[in-house]
Amino acid sequence: MLEVFYKQHDFDYVTLSVTHTHSGVFSENRALTLNHTIIDTVLVTGNNLTAVKIGAAQTTIDESYNRIVHQADGIVMLWTNPKRIKTRPVDNTLSVVHFKILDEQPFLSWVFYNAHPVVTMALNDVVISADYPRQIAKVIRQNLDSHVIFSLGAAGDVNPYDANTTPIALCICVSLKKWGLS
Amino acid sequence: MLTILNGFQLTDKIDDPILVKALVLSDGKHRMAMVVVDATALY
């Protein structure tokens, strides 16, 4: 796929990232279709350029923690932490790269945060959920009316404090409906 | 202020919860594409 971009369409640099989800699905037989979709999407995008301004900002938000707790006899996994017990430091920087069209209209917000999207995860149930990134995207869209991309930051062993506080019934309901099982 | 040429495209919703988002940046001479395959974008 990269050769198509580099050799046939004269791109200088291409990056590909994939959602780190704990509550999504992907079947391998979609892979070939997905390749074509990616190529088509990029080529269409490249033919629809518009001038923009770019800005970036960052802050820290204390909504995540290191789930590995080191004890004298080994480590313990702290899978959820609603009481916000202090653990080892994490990089809880929230970064945003924002694109505006030249008439100042918001165009795209690219948001980065470190916590695994596991607020709506259910260990014993298959649920499909965009988890907290969806809520971030929803708020941004409501306030700025811009496109949103979410990327996971330095997420190694980092959970949101409210991990696994699933409204499970809601997630299952959504999943069943999506797959035509309800 | 940096002014660049930018394009953004979403695929149409397809029959599973996956979207492809592409961002192309260009300074007129060079082109860079950033692609995100978002497995949960529809929810």
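Given R₀ = 35 Å, FRET efficiency for A:THR15-A:ALA72 by Cβ-Cβ distance, to 0.05?
Approximately 0.25, to the nearest 0.05.
Quick one: length gained pulling A:PHE112 to A:MET1 fully straight, 0.36 nm per residue minus the C-alpha distance?
Additional length available on full extension: 37.4 nm.
Loop-only check: which trypsin sites (Lys or Arg not before Pro) in the stretch A:83-152 are DSSP coil with at most 16 other Cβ within 10 angstrom?
A:LYS83, A:ARG84, A:LYS86
Which distance in nm do the two modelled labels at A:ASP62 and A:VAL44 give, with both placed 7 Å along the Cα-to-Cβ direction?
4.5 nm
Ignore the peptide's own chain and count Cβ atoms of other chains within 10 Å of each Cβ in A:4-13; give me the average, rounded. Walk me through the intermediate numbers first.
Values: counts 0, 3, 0, 0, 0, 2, 2, 6, 7, 6.
For peptide A:4-13, the averaged partner shielding equals 3.
Want the number for A:GLN142 to A:THR93: 0.36 nm per residue separation, take away the alpha-carbon distance, what's left?
Contour length minus Cα-Cα distance gives 15.4 nm.
Loop only by DSSP, 14 or fewer other Cβ within 10 Å of the Cβ. Give me the GluC sites (Glu not before Pro) in the stretch A:1-108 that pass, ordered by residue number.
A:GLU104
Read-outs: derived from the displayed coordinates by stated rules, not from any lab. The shown structure was predicted, so the numbers you read here are calculated from the model rather than taken from an experiment. Ideal geometry is used to build each Cβ from the backbone, glycine not excepted, and the neighbour counts take in all protein chains shown.
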